[in-house]
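Report on the following structure.
Readers should treat all values here as calculations from the given coordinates under stated rules, not as data from a laboratory. What you are looking at is a predicted structure, and each value in this text was computed from that prediction instead of being measured. Quick reminder, even Gly has a Cβ in these numbers, built from the backbone with ideal geometry, and neighbours come from all protein chains shown.
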Amino acid sequence: MKTALITGGAGAVGAAAARLLASDGFSVVLADIAHERAEAICAAIRRDHGVEAVAEAVDLSDPAACRRLIGAVEQRFGRLDCLVNNAGKTGAPRIGAVDLTAWNEVLAMNLTAPMLLCQEAQPLLKASGGGSIVNVASRVYLSGTGVAYTSSKSGLIGLTRVLAVQLGPDNIRVNAVAPSFLNTPFNKKIVEEDSGLAASFRRMSPLGRLGTAEDVAGAIAFLASPRASFITGDVIHVCGGTQLAPQPAASDGG
Ligand SMILES: NC(=O)c1ccc[n+]([C@@H]2O[C@H](COP(=O)([O-])OP(=O)(O)OC[C@H]3O[C@@H](n4cnc5c(N)ncnc54)[C@H](O)[C@@H]3O)[C@@H](O)[C@H]2O)c1
């Protein structure tokens, strides 16, 4: 049975992706520092979808733990068909407030961990006949909020493109999804502080709403599926149109 590893699997997007991949028949491994939450989600997935679902406790900011994670998947399932690099963290928004420790923490989680997991997973994906890597980036790579966050997510798209070229001959496809501001706990503080950001994103979208974890999971599951068999090195914007430049109002519609 095909196996998918989802980092940050106890979070909103990770859990939604795990549920959708399970409904597509994947066994799923949810790797998260929030182990109890991951265990509970796995129990629900086993009950609802009848596939294997296991939680791996891991701190992805630790390079050695990233390497051990792929070993644990290999030991348990003997194969890997899909790696979803989903876990991420934010940092200080303005350049004047960036401190080097925080910068390094954001890059370790958002860029170094995905790179290490791709490196470690490559032989296992190849031995499984190929597969799909999906990196969860962000719309911020287009214009940015957060210096370390934007830099790390832009780097993740660079990683996606270079690995699509390098791993294609192993039949490994590498793509990214770039969500905009989502209605998930990741943004709880911003929404609570009522900075107006959530409302701005709602207004910016031609669809007039914020995205959900399930919206992002749909794109991840598509990229993991044979329906995306000739798509690699690409970025799917799960942004409700907020990636488009706003158009000035024109009375003649031109
Ligand atoms: N929510 C948004 O608005 C939004 C927008 C664009 C991109 N994204 C990206 O989507 C991804 C998922 O976001 P989400 O909204 O589901 O976030 P979330 O906070 O719900 O989930 C993140 C998960 O990562 C886990 N995690 C944190 N630190 C960890 C560590 N050191 N080791 C292992 N696991 C760790 C958390 O426990 C949590 O379960 C992130 O990469 C984020 O940058 C989110």
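When the chain is modelled as a GNM with alpha-carbon springs shorter than 10 Å, which of THR232, THR101, THR90 fluctuates the most?
In this elastic network of the chain, the residue with the biggest mean-square fluctuation among THR232, THR101, THR90 is THR101.
Considering amide H positions built from the backbone, and no H for Pro or chain starts, which residues 5 or more places from VAL238, or on another chain, come under 5 Å of its amide H?
Amide H to amide H, under 5 Å and 5 or more residues apart or across chains, VAL238 pairs with ALA178, SER180.
So if I take the centroid of the Cα atoms in region 1-73 and the same for region 198-219, what is the distance between those two points in Å?
25
Return one number: the angle in degrees, 0 to 90 and rounded to the nearest 10, between the long axis of the Cα atoms of helix 213-224 and the longest principal axis of the Cα atoms of the chain.
50
At 7 Å along the Cα-to-beta-carbon direction for both ALA198 and SER229, put a label point, then send me their distance in nm to one decimal.
4.3
Could you give me the percent of Cα pairs per 5 Å distance bin for the chain, shortest bin first, beginning at zero and ending with the bin that holds the maximum distance?
Going out from 0 Å in 5 Å bins, the chain shows 1, 7, 13, 18, 20, 17, 11, 7, 3, 1, 1, 0, 0 percent.
Please give the length that would be gained between ALA44 and LYS126 if that part of the chain were fully extended, namely 0.36 nm times their separation in residues minus their C-alpha to C-alpha distance (nm, one decimal).
Full extension of this stretch gives 26.5 nm more.
Kindly list the residues of region 79-96 that lie in the label zone of ASP24, defined by a backbone N under 13 Å from the point 7 Å along the Cα-to-C-beta vector.
Answer for region 79-96: 81-85.
Given R₀ = 30 Å, what would the calculated FRET efficiency be for ILE190 paired with HIS35, taking r from the Cβ atoms and rounding to 0.05?
The formula returns an efficiency of 0.70 here.
What are the semi-axes of the equivalent ellipsoid for region 115-254, taken as the square roots of 5 times the Cα gyration tensor eigenvalues, largest first, in whole Å?
That gives 31, 18, 14 Å for the three semi-axes.
Using a/c under 1.5 as the rounded threshold, could you call region 195-254 rounded, prolate or oblate? The axes a ≥ b ≥ c are square roots of the C-alpha gyration tensor eigenvalues, and prolate needs a/b larger than b/c, oblate otherwise.
It comes out oblate by the Cα gyration axes.
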